[in-house]
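For reference, the structure discussed in these notes is given below.
A short reminder: the numbers here are calculations on the coordinates, not readings from a lab. All of these numbers come straight from a predicted model, not from anything done at the bench. Using ideal geometry, Cβ is built from the backbone for each residue, glycine included, and neighbour counts are taken over all protein chains shown.
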Amino acid sequence: MNIFGNQVKKIRKERGLRQKDLAEILKVAQSTIANYEQGIRFPDEAMLRRLADIFGVTVDYLLGRSPDAATDSGNTDFHAQASQVLDPLVEQFIDYVLELNTTEAEKIINQMLLKKTDIIHVYIHILQPALYEIGRRWEIGEIDVSEEHYFSEVVQDIMARAMSRVNGMREGLVFVGFSVSGEFHDIGIRMVSDVLAIHGWNSIYLGNNLPASSVLKAIRDSKADAVGISVTMPYHVNAAAGLIRVIRNSNLQKPVRIVVGGRVFNHDSELWKRIGADAYAKDAEHLVAVLSEEGAYVSQS
Ligand code: B12
């Protein structure tokens with residue numbers, strides 16, 4: 001019985017990928033995918049892991065050992081990242097939120113916010129690692145999905161309150177940031193948009209699930225200088241590539257720089273080039289450096 005091959009074929013189709021598309025993402029020949037699906041070949045451990053990552057499922061699910069795509073059935077050490085050594089402040093912040101003590105959690109953050117640029121430090125060094133840790137705990141079944149949802153809502157509330165310290169309308173260069181259509185993860189691009197706002201950009205954050213026509217309208221109406229597209233799940237990469245083509249082929253009054261970022265790019269350092277973006281940044285702080293290094297944009301702060 002070819003359980004693995006059948007799983008690959010089923011999930012590939014669910015994600016709307018052709019064998020050719022999957023082969024391109026994995027940088028293998030199309031025949032390799034065909035062989036997997038027909039049970040002629042079986043991947044090594046690294047390739048199994050990559051396939052699971054690309055599909056956003058567990059290795060157990062790929063192997064037909066678990067009926068659940070998102071949680072492992074016991075054999076979790078294969079897929080879950082090792083627990084990282086966490087900054088005690090991050091750990092304390094997580095504990096408070098999971099104990100539903102948001103007052104104490106927010107106190108940790110507020111004590112760090114003496115000037116507006118401290119928000120960047122809090123984002124990158126407290127909230128971001130806390131969210132990554134929450135993802136890890138969810139993946140190994142240590143916390144429930146409801147706790148993961150709650151945690152991300154609390155983080156977004158805290159971000160909104162922190163940003164109320166930064167003035168509303170800015171006169172600087174215009175950045176339009178959003179997550180590619182279909183992508184639920186939008187906290188990362190929201191952080192990026194906020195960080196650019198702190199650096200004086202007129203930063204317009206659009207959230208997620210926008211049709212291409214609305215993206216184009218936003219770029220046109222705002223006369224955007226740069227557009228930021230966020231992708232977390234590997235199966236949304238094609239949508240991002242398509243959107244980049246649409247933006248390039250549209251008749252904009254002025255050229256716009258297209259920058260991309262998000263988990264999927266952090267795991268494949270050349271992917272941004274292959275999908276036609278102008279630049280990539282690994283996190284919000286890095287983006288500021290990338291944009292100013294390019295010399296095209298000078299921080300207004
Ligand atoms: C919160 C969360 C959710 C929330 C999202 C809420 C929201 N409004 O965003 C909810 C519950 C909705 C969710 C859903 C899902 N999730 Co989820 N989620 C997470 C979690 C825990 C945190 C994500 C996050 O906010 N990270 C913090 C931000 C700040 O980090 P970041 O996104 O990397 O962003 C930084 C950089 O990447 C960069 N960046 C990001 N975007 C951009 C854009 C530009 C232009 C630039 C320059 C830079 C840049 O800068 C950012 C700031 O520094 C992660 C764990 C993780 N490791 O990330 C899992 C995680 C991403 N989710 C995962 C999965 C599997 C899912 C689901 C498929 C689960 C399911 N079965 O339903 C769905 C996805 C559905 C979909 N269509 O998208 C997996 C993905 C695994 C994989 N193979 O890729 C993860 C890794 C969890 C895990 N350990 O397994 N998720």
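Here the dipole of the stretch 133-281 is about 880 debye; that uses its Cα centre as origin and unit charges on the Cβ of Lys and Arg (positive) and Asp and Glu (negative).
Tell me, 213, 203 in order of fewest to most beta-carbon neighbours within 10 Å?
Details: 213 10, 203 24.
Fewest to most other Cβ atoms nearby, the residues stand as 213, 203.
Which value, in debye to the nearest 20, describes the size of the charge dipole of the stretch 209-301 about its Cα centre when Lys and Arg Cβ atoms bear +1, Asp and Glu Cβ atoms bear -1, and nothing else is charged?
Values: 11 positive and 9 negative charges, 87 e Å.
Dipole magnitude for the stretch 209-301 comes out near 420 debye.
Restricting attention to the chain, the count of lysine pairs at 8 or more positions apart or across chains with alpha carbons under 23 Å apart stands at 15.
3J(HN,Hα) couplings calculated from phi for the stretch 205-214 with the Karplus curve 6.51 cos²θ - 1.76 cosθ + 1.60 (θ = phi - 60°) are, in sequence order, 9, 9, x, 9, 6, 9, x, 4, 4, 6 Hz; Gly and Pro show x. Neighbour counting of Cβ atoms within 10 Å sorts the residues 118, 95, fewest neighbours leading, into 95, 118.
Just to confirm a number: summing +1 for Lys and Arg and -1 for Asp and Glu over residues other than residue 160 whose beta-carbon lies under 15 angstrom from that of residue 160, what do you get?
-1
Exposure proxy ranking for 232, 103, 32, based on other Cβ atoms within 10 angstrom of each Cβ and starting from the fewest, stands as 103, 32, 232. The angle between the Cα long axis of helix 88-98 and the main principal axis of the chain comes to about 80°, on a 0 to 90 degree scale. Extents of the chain, taken as max minus min of Cα coordinates on every principal axis and listed largest first, are 62, 52, 29 Å.
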